[in-house]
Amino acid sequence: MVSAARALLAAVTRVLLLADMVVVRQLLLAKDKVARSLDRLESVSNFAEFVRAFTEFGGGMVELARLTAERRADLRDERRRAQVAAARNVLERSTLMLLTSSKACLRHPGSASARENRDTVFCQMRRAMDLIHYVVRDGLPGHEEQSHELQPFSDSHEQAAQWEAGTALGALRGLTAQVRTARARGGADAARRRALASTLRALVERTHDFTDSAYTSHDHRQRILALAERIAYELERLVAVAVSVEEQGASGSGAALESACMGATSAAGELERALVAAARDQARDLPPLAEDARRLASDLAYMASSSGERESERLHNIASRLHEQLDHIIEVCKLLRHIAMSETLQVSAKFAEINLRIYGPQVMTAARTLAAHPGSAAARENLDVFVDMWAWLLADAARLAKELLDLTNERPDKQQYSSLPRPGKHGTTSKPLKAVRLDSDEQAKIAKSGLEMKMMSSEMDAETEKWQGADENNDIVKRAKNMSSMAFAMYQFTKGEGRLNTTQDLFTQAEYFAEEANRLYKIVRQFSYQVPAGTMKKELLEHLDKVPTYVQQLQFTVKEPTVGRAATFSKVDNVIQETKHLMNVISKVVTTCFDCANKYKLDFTGLSAGGAGAGAGGRSARDEDSAAGGGGDAKPGGSSSDTAM
């Protein structure tokens, strides 16, 4: 039955991949059709030919817009969804500019400024289609990204995405994750020390956007520089302790390592708050700055059609002021991207900066065309469309600043990490939070991740069923089955079923899951001493060494404080993903462990988690099974209404 189920799953997967490839093929064909239409539009020489080509282009754009909207809805990766949305936005807004700039260029073929307007629009639309092509091709068989160069500090997909984003916040959190890993492992080997140095260099480089900005206040600049130096000092301490542990096996170095790790983590937290404060100061100035820039563009459009030396001088002055405003707004968008706490906001800030940088100067270019041809209706219409585009971009920037200000307002200056209820310790936080139930739309969004975890749970059950009869005292089987039961309960939560009713129930269950994985790790570590040296032992230890990192990541995600429904849903999604990753590596550990036992005829009796087999608070493994998912009736963590996110 297990073999048949796996074969069926493999067949369904192949069918789904084939269907996905067909959809991608459709989208790429539509994109190529629009690209050919753009080439034809760029080469037309008269207005009648342009009208025919533009009609064909419009039909292709409608089809491309429909297909990209469907593809965006299917994408799981938040960054890719945001990139597709940004590309579609550019294509949609640029279509009207393509029409007016092409008309102005055809009406005034000798005008360099009109041609510059048109060529800029063509270039941006092609870049947007290239981005769609890149996102659509990402993840297909035969298409592999060189992503290992982007994630020197972690194997985590989430942290790799932060590194790829190129933000100061991403580098800071990557550095913090490295430090936590060093603390958990009791030191850092040469490779991890090199990764620490690489991440520190990236962090310092990214803080230069704050310290080099002409709009950053002196106080903020000095504080950021001082904290960057402090982080470098704390990391030097950490590396020195790690080298001492590795070379000399120095006894009593645990306190020194703990002190260095705490110092580095504390400095990273302070630097994050300093960067957020510096960006917030400039973000507050963005709405009035954008309004002033919009008004200047309107004045520019009005003055461009006037003639005379005095009007020409005023036009030049307005263009200079507009250029200064543009530089300031771009600087603010750059800093906002560095503190964006979600990939959607990171992508939005990045494309706001890019579009302002490219389309902002084109308003002045369109004004020069109208100033050279003051009676031209085509030049006037073209300038009006570019001014409208400028207003849209400014509104996007102001909205982005407001969203980030609202998000950072919800984050306290000093985050208090209140412990979630642990087995045998049913405490509450000092200020109970409101329990949250997901609605049907939110459950649908995480249902796919839950289904993947359910498949891993089924595989774990199938594996343990083969070995359960080998020894009634097999603690590895008991732990594995207990974790499988907890994963199944979390899968039911994604469907709105089962005994986990609120998000806090889910978070507490995830904490139990991490603790059970830690106990299983200790048991398997003892078992590994019995395995003779060789390929199988090496494979077992490779899988086993990943467990503490994934446990720590899950525990950190569970304990991360959230405020607001959107943040809570994001945390739910992250917890499901982290649990899925941990479940995957545990499944590999159990499979390899029993392969070793079968090959070498090893005994499982006498194994325990170093006193942890009875569970925290003195409970037996059977009691834990009941509370954490093995029994299926007890609520995790006591009353969910007392403590919830």
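The values are calculated or read from the model by the stated rules, or taken from the named source; none is laboratory data. Note that the coordinates shown come from a computational prediction; the quantities given were computed from them, not determined experimentally. Virtual Cβ from ideal backbone geometry, glycine too; neighbours counted across all protein chains shown. When the accessible area is computed, the model is the full protein with side chains, heavy atoms only, and any ligands, DNA or RNA have been set aside. Shrake-Rupley method; radii C 1.70, N 1.55, O 1.52, S 1.80 Å.
Any residue at all in the stretch 8-18 that is at pLDDT below 85, open to solvent by 70 Å² or more (accessible area, probe 1.4 Å) and not in a helix (DSSP H, G or I)?
No, that holds for no residue.
How about the stretch 529-552: which of its residues are assigned to a helix (DSSP H, G or I) and open to solvent by less than 70 Å² (accessible area, probe 1.4 Å)?
Met536, Lys537, Leu540, Leu541, His543, Leu544, Val547, Pro548, Thr549, Tyr550, Val551, Gln552
Among the numbered criteria (1) open to solvent by 10 Å² or more (accessible area, probe 1.4 Å); (2) aliphatic (A, V, I, L, M); (3) within 30 Å of Arg273 (Cβ to Cβ); (4) touching a residue at least 40 places away in the same chain (Cβ under 8 Å), which single criterion is violated by Leu394?
The failed condition is (1).
Under the condition of being of a type outside the set (D, E, K, R) and under 21 Å from Leu326 (Cβ atoms), which residue from the stretch 372-391 is surrounded by the most Cβ atoms within 10 Å (Cβ to Cβ)?
Result: Asn382.
Could you tell me whether the stretch 317-336 includes any residue that is closer than 26 Å to Ala378 by Cβ, among the charged types (D, E, K, R) and open to solvent by 20 Å² or more (accessible area, probe 1.4 Å)?
No: the stretch 317-336 contains no residue that is closer than 26 Å to Ala378 by Cβ, among the charged types (D, E, K, R) and open to solvent by 20 Å² or more (accessible area, probe 1.4 Å).
Answer yes or no as to whether Gln504 is open to solvent by less than 30 Å² (accessible area, probe 1.4 Å) and under 18 Å from Asn574 (Cα atoms).
yes
Step by step: first the residues of the stretch 397-421, then only those that are open to solvent by 70 Å² or more (accessible area, probe 1.4 Å), of a type in the set (D, E, K, R) and not in a helix (DSSP H, G or I), then the one that is modelled with the lowest pLDDT. Which residue is that?
Lys414
Give just the number: which of (1) open to solvent by 30 Å² or more (accessible area, probe 1.4 Å); (2) more than 21 Å from Glu403 (Cβ to Cβ) does Glu343 not satisfy?
(2)
Out of the residues in the stretch 55-108 that are of a type in the set (Asp, Glu) and assigned to a helix (DSSP H, G or I), which is farthest from Ser37 (Cα to Cα)?
Glu78
Hey, can you tell me all the residues within the stretch 553-571 that are assigned to a helix (DSSP H, G or I) and in contact (Cβ under 8 Å) with a residue 60 or more places away in the chain?
Matches in the stretch 553-571: Gln553, Phe556, Val558, Lys559, Arg565, Ala567, Thr568, Phe569, Ser570, Lys571.
So, Thr216, is that one modelled with pLDDT of 85 or more, assigned to a helix (DSSP H, G or I) and either out of contact with any strand residue (DSSP E or B) (no Cβ under 8 Å at 6 or more places or on another chain) or open to solvent by 20 Å² or more (accessible area, probe 1.4 Å) (or both) or not?
no
If Ala69 satisfies all but one of (1) open to solvent by less than 80 Å² (accessible area, probe 1.4 Å); (2) among the aliphatic types (A, V, I, L, M); (3) at pLDDT 85 or above, what's the number of the condition it fails?
(3)
Arg310 is checked against (1) at pLDDT 90 or above; (2) open to solvent by 40 Å² or more (accessible area, probe 1.4 Å) and fails just one. What number does that condition carry?
If we test Arg310 against (1) at pLDDT 90 or above; (2) open to solvent by 40 Å² or more (accessible area, probe 1.4 Å), just (1) comes out false.
Would you check which residues across the stretch 570-596 are open to solvent by 40 Å² or more (accessible area, probe 1.4 Å), within 30 Å of Thr502 (Cβ to Cβ) and of a type outside the set (D, E, K, R) and list them?
Of everything in the stretch 570-596, those that are open to solvent by 40 Å² or more (accessible area, probe 1.4 Å), within 30 Å of Thr502 (Cβ to Cβ) and of a type outside the set (D, E, K, R) turn out to be Ser570, Asn574, Asn584.
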